[in-house]
Amino acid sequence: MRDILTICKKEIRSAFSDKVILAQIVLVPFIIVFGYAMLMAAMTDGAMTDEDTQFDGYYVNAPAEMESVFKAMGFQETSASEVDSIRKDITAKTKDILLVFPEDFKIVPNADEGSFSDVEMWYNSSSTDSLNASSTVREVLSGFQPVAFTINADTNTKYDLGDENFMMRRFLGTLLPVMLMVGIFSVMMNLAAECIAGDKERGFLNTMLISPVKRSHIAFGKSLFLFVAVTIGGISAFIGLVTSLPRMASIFGAEGSTFSYSAGTYIQLFFVTVTSVFAFAGFLLLISAVSKSVKQATTLSPIVMMVLMLAGMLTMQDSVNKAVEKLGLVNAAIPGWNGINAMKKIVELDCPSEFVLVTCLVNVAFAVICALIIGKMFENEKIVNV
Amino acid sequence: MHILRAENLVKSFPLSEKQRKALDTKDKRKVAVGGISFEAKSGEVFGILGPNGAGKTTTMRMLSTLIKPDSGDVFYDDRSIKDHPESIRSEFAFLTTDLKLDEKSTANEMFDFFAGLYHLTKEQAEQRKKELFDRFAVNSFADTKIKKLSQGMRQKVSLIISVIHDPNFIIFYEPTNGLDIIAAREVRDFIINMKNEGKCLIISTHLFDLVEKVCDRAAFIMDGKIVANDTLENLMNGRSLEDSFYEIYTANMEKEG
């Protein structure tokens, strides 16, 4: 154990004395997760602001009860003589929409076919703003149309029996696991590659191999260092996640009072995150051990990233979710898949404790097995750079 | 008395398709060392000489336990490298161009790290550091990152690290590589000193001058086999070592056709 710690300490000292590597471990995961979450929030926020409901629109002969609505949307009244000119501008995408009401426009609830007043709505489907304006106007005008009956007319009754923040949680559940993993992966890939393949390439591994230390202990010392480093990276990414959640929640309309996670949920998320990065770190170390150079290791490592992204994307599919749901705890027994799956379930508040427990245990066991395999590989002379 | 004994060492390496074509052979493996035996003992310096590709480096790597022989064995005081690799590693120093230091560390940090791996106590480490750093004048750049050192300075630090544990067996491959005349002289004196202290030294180099000055016995290796193994006096037989080596080399080349 003493030799393992000596090697681990040396690796930590070496990594932490390098400002770039230190920033990579401590800051980059936070920046990626927090920055990405803020970017998503800003983009979504932008898509939801009132600015998007302001169109360069015009109307002719609008009845008084509709005029105020159009004015609120920024539309301007115009005369019939301007219709041709505005239509040309809409074709040229310099104006968004034109509504032409007939002079004798009237709302008739039960008119016979053919006797409805027709409103002409001129727009340009090749312009996004114009197309959005047309949908908004359709929606507004449908409010003035007569209804045959109402649905859920009592506004004081909560007819939706589900969790009002479910959609919010579901959205976060599909987004956050991949975000977390990408943040931490950015740290792991280079560190793992440098850790073994780097020393092998530079000839320093050979120098350690002729010391009286058991070769497997050299492997364990290096593995321990990487697990320490990715734990720090994991904590950094986790802090990024926790600090960005309130902003994400507010953007999607969830109020702080109703949308919140308990300490238990955060603890579950933390353990799943850390143990998942252990598993990935173990796999990346294996890649590093079989690679002859850092370049080779960093070329092979994105395979793990692809697996992560694929797992993340699969959890976004309802059909896939329903199919894998039937497998129950088996999902928690597959390293890589289990972490993404557990994080999604935790964020959606739909993760049984045993799923979290099995996920954590499997990931730690997988990381240990990877370290043992690397230990065995160090006993083989193929590890020697000749 | 410490004795290092290599017995019938054989080592071959797999050949890739490309290598087979380049060598114009159908053999799937190339024999790098084909049955080498020799013995070196305390208080003497044993030289291993040979042209490029003769099998010197492979032999040195087997002696250092870096790679394992296909057959044969190496004994350090009757202990086999196959059975006791870790404990044997604590008794020899190995210095070759294969071995590099961590470029992000300083000489001081490297010394402390390896002192830890060789389980030296803090006092032992400090004493040894002072002794070796003074001897090789390393103090002035002891806190400079290895990557910023010249090749000669790095070679000095590598040499110091290799003998950090005051080993009984010392295996050096091109120990004066990259050193200036003064530093090369210091290394040569160091080798002679260690010999006088009763250490068992094996040196492989292309510098005949160094061999003539420090070695007691030497072996010539060609095509993975020892073609001559004797005292320096007998090998030279009134000629320079270089002439003697060239004569043996050409005679063997002619014999092989």
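Would you check if there is a residue in segment A:376-386 being away from chain B (no Cβ under 14 Å), touching a helix residue (DSSP H, G or I) at 6+ places or on another chain (Cβ under 6 Å) and more than 30 Å from A:L175 (Cα to Cα)?
The answer is yes, given that some residue of segment A:376-386 is away from chain B (no Cβ under 14 Å), touching a helix residue (DSSP H, G or I) at 6+ places or on another chain (Cβ under 6 Å) and more than 30 Å from A:L175 (Cα to Cα).
From the list A:V228, A:V274, A:V294, which one is within 14 Å of another protein chain (Cβ to nearest Cβ) and surrounded by fewer than 24 Cβ atoms within 10 Å (Cβ to Cβ)?
On inspection, the qualifying residue turns out to be A:V294.
Say we look at segment B:49-77 and pick out the residues that are away from chain A (no Cβ under 11 Å) and free of Cβ contacts under 8 Å to residues at least 40 places away in the same chain; which of these is surrounded by the most Cβ atoms within 10 Å (Cβ to Cβ)?
Out of the qualifying residues, it is B:G53.
Applying the selection to segment B:137-173, what residues are in a loop (DSSP other than H, G, I, E, B), modelled with pLDDT under 85 and within 30 Å of B:Y76 (Cα to Cα)?
Answer for segment B:137-173, where residues must be in a loop (DSSP other than H, G, I, E, B), modelled with pLDDT under 85 and within 30 Å of B:Y76 (Cα to Cα): there is none.
Test B:S204 against the stated conditions and say whether it is within 17 Å of the chain's Cα centre (by Cα) and crowded, with 16+ Cβ neighbours inside 10 Å.
Yes, satisfied.
For (1) surrounded by fewer than 19 Cβ atoms within 10 Å (Cβ to Cβ); (2) over 30 Å from B:F13 (Cβ atoms); (3) not β-branched (V, I, T), each residue gets a yes or a no:
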| position | (1), (2), (3) |
| --- | --- |
| B:P175 | no, no, yes |
| B:I181 | yes, yes, no |
| B:E186 | yes, yes, yes |
| B:N196 | yes, yes, yes |
| B:R239 | yes, yes, yes |
| B:D243 | yes, yes, yes |
| B:T250 | yes, no, no |
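If you check A:V213, A:V178, which single one turns out to be within 14 Å of another protein chain (Cβ to nearest Cβ) and β-branched (V, I, T)?
Exactly one of A:V213, A:V178 is within 14 Å of another protein chain (Cβ to nearest Cβ) and β-branched (V, I, T), namely A:V213.
Do any residues in segment A:323-349 that are at pLDDT 80 or above have Cβ atoms under 8 Å from those of residues that are of a type in the set (A, V, I, L, M, F, W, C) and not in a helix (DSSP H, G or I), where the two are at least six apart or on different chains, and which pairs are they?
Once the first residue is at pLDDT 80 or above and sits in segment A:323-349, its partners that are of a type in the set (A, V, I, L, M, F, W, C) and not in a helix (DSSP H, G or I) give A:A342/A:C351; A:K345/A:C351.
Can you find, within segment B:78-93, the residue that is surrounded by the fewest Cβ atoms within 10 Å (Cβ to Cβ) among those that are facing another protein chain (nearest Cβ under 10 Å) and in contact (Cβ under 8 Å) with a residue 12 or more places away in the chain?
Ranking the candidates gives B:S90 first.
Conditions: (1) surrounded by 16 or more Cβ atoms within 10 Å (Cβ to Cβ); (2) over 18 Å from A:V364 (Cβ atoms); (3) modelled with pLDDT of 80 or more. A:M305 meets all but one. Number of the miss?
Looking at each condition in turn, A:M305 falls short on (3).
Out of curiosity, is A:A133 surrounded by 21 or more Cβ atoms within 10 Å (Cβ to Cβ), in a helix (DSSP H, G or I) and outside the structural domain of A:M248 (by TED's automatic domain parsing)?
yes
Hey, B:L210 hits all of (1) surrounded by fewer than 19 Cβ atoms within 10 Å (Cβ to Cβ); (2) within 15 Å of the chain's Cα centre (by Cα) but one; which does it fall short on?
(1)
Which one of these does A:L175 not meet: (1) assigned by TED's automatic domain parsing to the domain that holds A:S79; (2) surrounded by 10 or more Cβ atoms within 10 Å (Cβ to Cβ)?
Among (1) assigned by TED's automatic domain parsing to the domain that holds A:S79; (2) surrounded by 10 or more Cβ atoms within 10 Å (Cβ to Cβ), the lone unmet condition for A:L175 is (1).
Please indicate, with yes or no, whether at least one residue in segment A:328-344 is among the β-branched types (V, I, T), in contact with a Phe, Trp or Tyr (Cβ under 8 Å, 6 or more places away or on another chain) and in the same structural domain as A:S186 (by TED's automatic domain parsing).
Taking every residue of segment A:328-344 in turn, none turns out to be among the β-branched types (V, I, T), in contact with a Phe, Trp or Tyr (Cβ under 8 Å, 6 or more places away or on another chain) and in the same structural domain as A:S186 (by TED's automatic domain parsing).
Just a yes or no: is a residue in segment B:38-50 in a loop (DSSP other than H, G, I, E, B) and in contact with a Leu (Cβ under 7 Å, 6 or more places away or on another chain)?
The answer is no; no qualifying residue exists.
Can you name every residue in segment B:94-109 that is more than 8 Å from chain A (Cβ to nearest Cβ) and either of a type in the set (S, T, Y) or surrounded by fewer than 23 Cβ atoms within 10 Å (Cβ to Cβ) (or both)?
Once the filter is applied, which keeps residues that are more than 8 Å from chain A (Cβ to nearest Cβ) and either of a type in the set (S, T, Y) or surrounded by fewer than 23 Cβ atoms within 10 Å (Cβ to Cβ) (or both), segment B:94-109 yields B:T96, B:T97, B:T106, B:N108.
Considering only helices (runs of 4 or more DSSP H) fully contained in segment A:1-98, which possess at least 1 residues that are in contact (Cβ under 8 Å) with a residue 40 or more places away in the chain and within 14 Å of chain B (Cβ to nearest Cβ)?
Because the criterion is at least 1 residues that are in contact (Cβ under 8 Å) with a residue 40 or more places away in the chain and within 14 Å of chain B (Cβ to nearest Cβ), the helices (runs of 4 or more DSSP H) in segment A:1-98 that meet it are A:2-16, A:19-26.
Would you please name the residue that is farthest from A:T136 (Cα to Cα), looking only at residues in segment A:72-109 that are basic (K, R) and in contact with a strand residue (DSSP E or B) (Cβ under 8 Å, 6 or more places away or on another chain)?
The qualifying residue farthest from A:T136 (Cα to Cα) is A:R87.
Going by the structure shown, is A:D199 without any contact (Cβ under 8 Å) to a residue 24 or more places away in the chain, in a loop (DSSP other than H, G, I, E, B) and among the acidic types (D, E)?
Spelling it out, it is not the case that A:D199 is without any contact (Cβ under 8 Å) to a residue 24 or more places away in the chain, in a loop (DSSP other than H, G, I, E, B) and among the acidic types (D, E).
The values are calculated or read from the model by the stated rules, or taken from the named source; none is laboratory data. Predicted model only: the values in this text are computed from it and were never measured. Cβ coordinates were reconstructed from backbone atoms using ideal geometry, including for glycine residues, and neighbour counts include every protein chain displayed.
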